[in-house]
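**Q** Structure incoming, see below.
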Amino acid sequence: MVPGPPASVPLANPLGIDPHDDRAAVEAWLTEYAKVRTQTAYRRVAKRLLVWSVVSGRPLGALTRQDWVRFSEVLGDRRLAQECARHIDVPALRAEFEEAFLREPRGRPQPAHPQQRVARTLTIGKVLLSWLRDHGHIATIALPRQRGGSRPREDVMRERVTQRLLNDTQLRVVLDTLQALSWAQPEDARMLFVVTWLLWSGVRRAEIAAASTGDFLLLTAAAEASPTAADGSGAQLYWVVTGKGNKRREVPVTRGMLAVWERYRLAFGRPST
């Protein structure tokens, strides 16, 4: 991971880290997360931010709103990222930029909806920068407000209604018919998983194709409890989908949806969820 340029204004330093070393501060933030998968995902986001800091010629705490707007544009547009890479004269920095902005982790395809990656990166980036500010490493955060901004609680709750075409009775007939068919081969388990999730959630094909395991949200507060909770604990698992018009929707994940997902994973030798 490339180090950031030196910070311009040293602040109080409860971390005991050189205030000029953005990289060391980011590493300290990453230690807050025990899960390896979380650390890996967050490290990739942090690397993008550090690389952009170097390309911009400013430390993380000195990046302007315009720097972040440009960052979002480059991250969401492969052609812009390629053009930006061509203008980086230092070979090592250009290689770091291409790895952070133009390549996906091994085995993962290019995202079908780059704006989902932008939104996720900015969300994690804000968590990182807030932590750095709270620990005295930076003074301000210039991240722009994401499109659409925050919305009232009732708007979010309205989006937690499953928008499927079939009513409950029709859906049960179709699902029972599907279960009665032969699904002996691993490929059959995958097909059953895809069809079941499409029917149950009402999402578009492109949305399920762009989904990843990082798109799930577990809410445990009593206000979020639901009789459809996947694990029966009162907590509810939601699948966060960004659809047409860059609109976010949170689809409740039912026990039936998890069952076919687990069947699909086991059919391909993967651990159950």
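The values are calculated or read from the model by the stated rules, or taken from the named source; none is laboratory data. Just so we're clear, the structure is a prediction, and the values are computed from it rather than from any experiment. For neighbour counting, all protein chains shown are included, and Cβ atoms are generated from backbone atoms with ideal geometry for every residue, glycine included.
**Q** Determine, yes or no, whether R160 is of a type in the set (D, E, K, R), modelled with pLDDT of 75 or more and surrounded by 15 or more Cβ atoms within 10 Å (Cβ to Cβ).
**A** No, not satisfied.
**Q** Inspect region 251-271 for any residue being modelled with pLDDT under 85, in a strand (DSSP E or B) and under 22 Å from the mean Cα position of the chain (by Cα) and give the result as yes or no.
**A** Scanning region 251-271 turns up at least one residue that is modelled with pLDDT under 85, in a strand (DSSP E or B) and under 22 Å from the mean Cα position of the chain (by Cα).
**Q** Give me a count of the residues in region 71-90 that are surrounded by 17 or more Cβ atoms within 10 Å (Cβ to Cβ) and farther than 16 Å from K126 by Cβ.
**A** The number of residues fulfilling the criteria is 6.
**Q** Scan (1) at pLDDT 80 or above; (2) within 28 Å of T121 (Cα to Cα) for the single condition F216 breaks and write down its number.
**A** Only one criterion in (1) at pLDDT 80 or above; (2) within 28 Å of T121 (Cα to Cα) is unmet by F216, namely (1).
**Q** Another question about this same structure. Quick check on my filter: what residues within region 171-216 are part of a loop (DSSP other than H, G, I, E, B), within 27 Å of R249 (Cα to Cα) and small (G, A, S)?
**A** Matches in region 171-216: G202, A210, A211, S212.
**Q** Of everything in region 168-178, what is surrounded by 12 or more Cβ atoms within 10 Å (Cβ to Cβ) and not hydrophobic (A, V, I, L, M, F, W, C)? Give them in sequence order.
**A** Answer for region 168-178, where residues must be surrounded by 12 or more Cβ atoms within 10 Å (Cβ to Cβ) and not hydrophobic (A, V, I, L, M, F, W, C): Q170, R172.
**Q** What residue, among those in region 228-250 that are modelled with pLDDT under 80 and closer than 18 Å to L175 by Cβ, is surrounded by the fewest Cβ atoms within 10 Å (Cβ to Cβ)?
**A** So, considering only residues that are modelled with pLDDT under 80 and closer than 18 Å to L175 by Cβ, the one surrounded by the fewest Cβ atoms within 10 Å (Cβ to Cβ) is T228.
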